[in-house]
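The structure appears below as structure tokens.
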Amino acid sequence: MFDLDSDFIPGTASNYFSEPETTTTASLSSSTVVSTPIRSNSKNATAQTIETYLQSVSALVCLSHLRWDFVYQRPQHLLSRFAKHTQLFFFEEPLFFDNARPRLAVSTREDNVTVVVPHLPHGLSPAEIEAEQKTLLDKFFKVNHLDNYVLWYYTPMALEFSRHLKPALTVFDCMDELSAFKFAPPRLLELEAELLAKADVVFTGGQSLYEAKKDRHKEAFAFPSSIDKAHFAQARQAQADPADQANIPHPRMGFFGVVDERFDIELLREVAQTRPEWQFVIIGPVVKIDPATLPRTENIHYLGGKSYQELPAYLAGWDVAMLLFAHNESTKYISPTKTPEYLAAGKPVVSTSIRDVVRPYGDQNLVHIADGAPAFEQAIEKALAQADDQEWLNRTDAFLADISWDQTWKDMVTHMQRISQAKAVK
């Protein structure tokens, strides 16, 4: 029942780096009942298996600052697995339209995932936005008879319209230090403190973030980025080069990810200028920074957004994979999901000294660590010579053997089950 890696393939609507799209969308009022059947509640709080625990939960309701269709990453991997066992409602931040009537747009995705997006009129004050979201949320819960539900937060900002709710369990999956990101709301730190006090359990997206939060909650646990090995291992097989990459010469150094304030623009600029014979392939959207600041040379190729399904085909045509992260407040606690993804693809990896990449990947000589253009260039040269290093590949595979999103998800559910049973006893 829980062996998901072998058959878990995200649906085509779940795009890794493309503009949001929906599979089935209905413009619904907040009084509309979602047609997915409600799970019955379980009165037995002891000796439950993971399966029976999940069946006892009427729904998992996620409040997120990320959109389901923007980047297929940690939230999608974890929540899609919950959706195989109970209802999954993924509430996004509002979209604003001229003269809009406040309502909820409800759309479906693969495997029982329901995405809910508030549509609000332009011109509302922050207080009015929160009040409208609270009203819409309350009506949605009432009409859909959500009582024994889990509330799963990705953003503390959602407390402004949800702090009054009474879930069976409150989870804070702290995947990033959001307060360090560009344009972070001023109240975020205050609300994070409130959420840490409210949450029953806290998961962190990496070891460094765990070390920063562990003294603030007695039930805090580190769950670093995981991997769908079978998906990215496709890159080890010969396959046709995607059309927009096929004419790029070798050697190719590749990066996929969001290009934002975490991306080291100057490092890319300097290495590309120094080694014009090397080709740099950059996949992903440019957000929160001016695209005009990106280096534009003949050997840098910005290929834009690609779906999660397409990534292995691009990776297969790279010679080296890169983690081009700058050193600033926004990268202090990151645990890049792409590190194990690159390695599962069998590609040598060069990274700047991001703490959660150095530990454990750099320390175990699985990833080359280098800062500054001269050192990064030398590390790429070493990585290029690593293509046929079977000993490195064997060590890499041994390290990844016990890492999977399935295992991460099951370990999280085990903590949730234990804490829920303890609450029931009290």
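Computed 3J(HN,Hα) for region 327-341, one whole-Hz value per residue from the Karplus formula 6.51 cos²θ - 1.76 cosθ + 1.60 where θ = phi - 60°, is 9, 7, 4, 6, 10, 4, 10, 6, 10, x, 4, 5, 4, x, 5, glycine and proline marked x. Under 5 Å from the amide H of Ala100 lie the amide H atoms of His122, each residue being 5 or more positions distant or on a separate chain, with H modelled from the backbone and absent for Pro and chain starts.
In this simple spin-label model, placing a label point 7 Å from the Cα along the Cα-to-Cβ direction at both Leu95 and Ala131 gives a separation of 2.6 nm.
For the pair region 338-355 and region 84-160, the centres of their Cα atoms are 36 angstrom apart. Please state the shape class of region 188-242: rounded when a/c is under 1.5, otherwise prolate if a/b exceeds b/c and oblate if not, all from the C-alpha gyration tensor. Here region 188-242 falls in the prolate category.
A simple charge model with +1 on the Cβ of Lys and Arg, -1 on the Cβ of Asp and Glu and nothing else charged puts the dipole of the chain at about 1460 debye relative to its Cα centre. Judged by the gyration tensor of its Cα atoms, with axes a ≥ b ≥ c, region 75-124 is prolate; a/c meets the 1.5 cut and a/b is the larger of a/b and b/c. Below 8 Å, C-alpha to C-alpha, sequence gap of six or more: please give me the relative contact order for the chain in percent. After rounding, I find 16 percent. Our coupling estimate for region 130-136, obtained by passing each phi through the Karplus curve with A = 6.51, B = -1.76, C = 1.60 and θ = phi - 60°, is 5, 5, 5, 5, 4, 4, 5 Hz, Gly and Pro reported as x. Exceedance of the 21 Å cut-off in Cα-Cα distance is limited, within the set Lys84/Lys306; Lys198/Lys423; Lys229/Lys347; Lys84/Lys214; Lys218/Lys423; Lys166/Lys423, to Lys84/Lys306; Lys84/Lys214. Of the labelled figures (i) 62, 53, 41; (ii) 118, 65, 43; (iii) 62, 58, 43, only one reflects Cα extents along the principal axes in Å as derived from the coordinates, namely (i). Here the accessible area of the chain is 52 percent carbon and sulfur, with a 1.4 angstrom probe and all protein chains present.
Computed on region 230-377, with alpha-carbon pairs under 8 angstrom and 6+ residues apart, the relative contact order is 28 percent.
Run the numbers on region 251-307 and let me know its relative contact order in percent, using alpha-carbon pairs under 8 Å that are six or more apart. Walk me through the numbers before you get to the answer.
Values: 82 pairs, mean separation 24.0, N = 57.
With pairs under 8 Å counted, the relative contact order is 42 percent.
Dimensions of region 117-200 along the principal axes, based on C-alpha atoms and rounded to the nearest Å, stand at 38, 36, 17, largest first.
Here's how it looks for Asp173: its modeled amide H is under 5 Å from those of Tyr153, Phe203, which are all 5 or more places away or on a different chain. Residues in region 262-275 carry Karplus couplings, in order, of 7, 7, 8, 4, 5, 4, 4, 4, 5, 5, 5, 6, 6, 10 Hz; the curve used is 6.51 cos²θ - 1.76 cosθ + 1.60 with θ = phi - 60°, and Gly or Pro positions show x. In the full protein context, the chain carries 41 Å² of accessible surface per residue, based on a 1.4 Å probe and ignoring ligands, DNA and RNA. The order of the peptides 194-201, 348-355 by mean Cβ neighbours within 10 Å, most packed first, is 348-355, 194-201.
Please list 290-303, 332-345 highest first by mean number of surrounding beta-carbon atoms within 10 Å per residue.
Descending mean neighbour count gives 332-345, 290-303.
With a ≥ b ≥ c the root eigenvalues of the C-alpha gyration tensor of region 268-397, is it rounded (a/c under 1.5), prolate (a/b larger than b/c) or oblate? Rounded shape, in that the Cα axes give a/c under 1.5. Estimated purely from DSSP H runs of n ≥ 4, each contributing -39500 (n - 2.57), the mean residue ellipticity at 222 nm for the chain is -9000 deg cm²/dmol once divided by its residues.
The values are calculated or read from the model by the stated rules, or taken from the named source; none is laboratory data. Note that the structure is a prediction, hence the values are computed from the model and not measured. Cβ sites come from the backbone with ideal geometry, for glycine too, and all protein chains shown count toward neighbours. When the accessible area is computed, the model is the full protein with side chains, heavy atoms only, and any ligands, DNA or RNA have been set aside. Shrake-Rupley method; radii C 1.70, N 1.55, O 1.52, S 1.80 Å.
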